[in-house]
């Protein structure tokens, strides 16, 4: 028997605590292919959603999904967030809540981790070493330590 994740229970608990305390619960979401949110409000692959009773209609938080209807820019939209994409739940007024680790798609994570950053000197040097530039001699490694006086 596999262990049930505590994440949906914690999300529901913080939402209930916020309602009881007069706070506004906000859901931090890492947007992925399964996430249905208004794309115009996504920044850097993330979106923060007000999930209070006054901001949503038909809010359901089950073990797999957070679903509701809300108005964005005056237009009503259906929102569906897989529990695996929930990065956190917190009270707007106090900041109290929980942050969760969001698993990244393995293929995307590998590509992002191995792709050289433009202007990355270490990546350029590593590439040059592998390609045998500079007359076939390996280039010296740059120092990683710095003397501070």
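Coordinate-derived values only; no laboratory data. What you see is a predicted model, and the numbers here were worked out from it, not measured in a lab. Counting neighbours? That spans all protein chains shown, and the Cβs are built from the backbone with ideal geometry, glycine included.
If we sort 10-19, 23-32, 54-63 on the protection proxy, mean other Cβ atoms within 10 Å, highest first, what's the order? Walk me through the intermediate numbers first.
Details: 10-19: 17.4, 23-32: 20.4, 54-63: 12.9.
Result, highest mean Cβ count within 10 Å first: 23-32, 10-19, 54-63.
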| task | Determine by what factor the alpha-carbon radius of gyration of segment 1-81 differs from 2.2 N^0.38 Å, reporting the quotient. | result | 1.12
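What order do you get for 36-42, 87-93 when each peptide is scored by the mean count of other beta carbon atoms within 10 Å, highest first?
Top of the packing list down: 87-93, 36-42.
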